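Take a look at the structure below.
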Amino acid sequence: MKKVYFLSLILSSSVFASYSKPQLIARYSGVDSYNAPQGLYCFTAEPLPTAEGIFLGCRNQEGHSLMMRFSPKYELLATHETSLFSNPKEVLGKTSWYEFSEAGVQKLFDFQKGFLSQRELKNLGSLYSQIDSFTPIKNEFYIYRCQDETKQILMWQNHTSTPLFSEVTSHIFPPVTSTQGDFIFKIRKGDTQESSPDQLILWNGKFKTILSDKDADPSSPFKSFRHQLALDNETLAFIGIDDQGEALFLLRDGKFEEVARVGKDLLSFDYFSAKLRNETLVFRGTDLDRRKVLWIYRHGILERLLTQGDVVHTDKGLARVDYKSQDALFYGAPGINEKGDIYQQATLTDIDSTITLLGIGLLQFKKE
């Protein structure tokens, strides 16, 4: 059996050029767990690694919402029996998330320097407005999306809201913030059909259109682009479709850099957003051999960080990142901290049997 384990480690298809092999932070299971409460479910969440720990929204066996922090042991920061928590966001060293339900956004949570604060949210808009994406930006302000008949991005501070972007549009997609406090969002004009003109709007103290599709600007190289975006220091990562097909790009100082292309580098991109920080880009997809992969792109080099079938050391010995259903193999988007350490949730199975489930692992790849 030792020979089998040794061979599995040799055949691991991922490259760890400047990163450690995957290290287990926590393992969630309904039967037994490691560094996590038993019965924890974090399938729909994405890890947010910060200098103060890894924040992760989860649910327990009773269906209650939980906000967890691993630092390195787990800590329960907030819970609610009926409402949900948004994915946490980090801006200028502060981690924020909000509580929401069918009745709308109700409470704001901020965590900074070891202190958790909570505030009830008032005066956000009309009773029938669809409000979401509450997130901090620069200068202690917050922004949110208001999808009523006017379609707006509003700014909030101390229970006072003011319109920040209210151009006539048919739809505004959720804004994406950078850790520096800037943000970007996609708008659609005309109507909500895919054929309507789309643009990307950047805010870094003022608004600027940085990308348009062919419907909005005939000179654009892009037929369309997704609304799952990543922004860092005004460098944008996005998935777009040009005359050659679908690819992942970086847009920096008005210049496009192709990262990976469907049919050449991979079979498809996963729906979940790429993450970008300090010139390190991580994203999920399916390779040309139909295996799920977590890729990393740094300084013009594309490498695998984690591939379906890789072996991981766990509290229960060696395990494999694999499962009979690929849709239940990786969970949520990856996370990346300021140092460049990367985190991903993945299904762990017995090293010799993909039908023997060991739980979901929160895995860390430390930059070396």
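Computed from the coordinates by the stated procedures, all read-outs in this text should not be read as laboratory data. Just so it is clear, the structure is predicted and the values come from calculations on it, not from any experiment. Here the Cβ is made from the backbone with ideal geometry for all residues, glycine too, and neighbour counts use every protein chain on show.
Dipole size of the chain about its Cα centre, with +1 on Lys/Arg Cβ and -1 on Asp/Glu Cβ: approximately 760 debye, rounded to the nearest 20. Close amide H contacts of F222 (hydrogens built in the peptide plane, cut-off under 5 Å, sequence separation of 5 or more or a different chain): K214. Convex hull of alpha carbon positions in region 318-368: directionally averaged projected area 3.9 nm². Counting neighbouring Cβ atoms within 10 Å and putting the fewest first, the residues M67, M155 line up as M155, M67.
For labels at Q157 and N233 in the simple 7 Å Cα→Cβ model, what's the distance in nm? Output for this residue pair reads 2.7 nm. Absence of a disulfide-compatible partner, taken as no other cysteine beta carbon within less than 4.7 angstrom, is noted in the chain for C146.
The percentage of C-alpha pairs in region 84-236 whose separation is greater than 26 Å is 26%. Between T192 and E279, full extension at 0.36 nm per residue minus the direct alpha carbon distance yields a gain of 27.9 nm. Taking a spot 7 Å from the Cα of Y271 along the direction of its beta carbon, which residues of region 214-243 have an amide N less than 18 Å from it? Hits in region 214-243 for Y271 at 18 Å: 225-230, 239-240.
Where a ≥ b ≥ c are the square roots of the eigenvalues of the C-alpha gyration tensor, would you call region 240-368 rounded, which needs a/c under 1.5, or, failing that, prolate if a/b is larger than b/c, or oblate? In terms of gyration-tensor shape, oblate. Considering the chain, its Cα convex hull presents a mean projected area of 18.6 nm². If the chain linking T150 and T209 were pulled fully straight, counting 0.36 nm for each residue of separation and taking away their Cα-Cα distance, it would gain 19.3 nm. For the set K107/K255; K264/K316; K122/K223; K324/K366, the pairs lying more than 32 angstrom apart at their alpha carbons are K107/K255; K264/K316; K122/K223. With a/c under 1.5 counting as rounded, go ahead and sort region 74-163 into rounded, prolate or oblate using the C-alpha gyration tensor (a ≥ b ≥ c being the square roots of the eigenvalues; past the cut-off, prolate if a/b is larger than b/c, else oblate). The shape class here is oblate. The stretch between L318 and Q112 holds 70.5 nm of extra length on full extension. This uses 0.36 nm per residue minus the Cα-Cα distance. For G359, nonlocal amide neighbours, meaning residues 5 or more places apart or on other chains whose placed amide H falls under 5 Å from its own, are L348. Each residue of region 133-194 gets 79 Å³ once the volume of the Cα convex hull is shared out per residue. Assuming charge only on the beta carbon of Lys and Arg (+1) and of Asp and Glu (-1), the dipole of region 125-170 about its Cα centre is about 100 debye to the nearest 20. Counting neighbouring beta carbons within 10 Å and listing from fewest to most, the residues E303, E368 come out as E368, E303. For region 253-306, the Kirkwood estimate of the hydrodynamic radius, built from every pair of different alpha carbons, is 11.6 Å.
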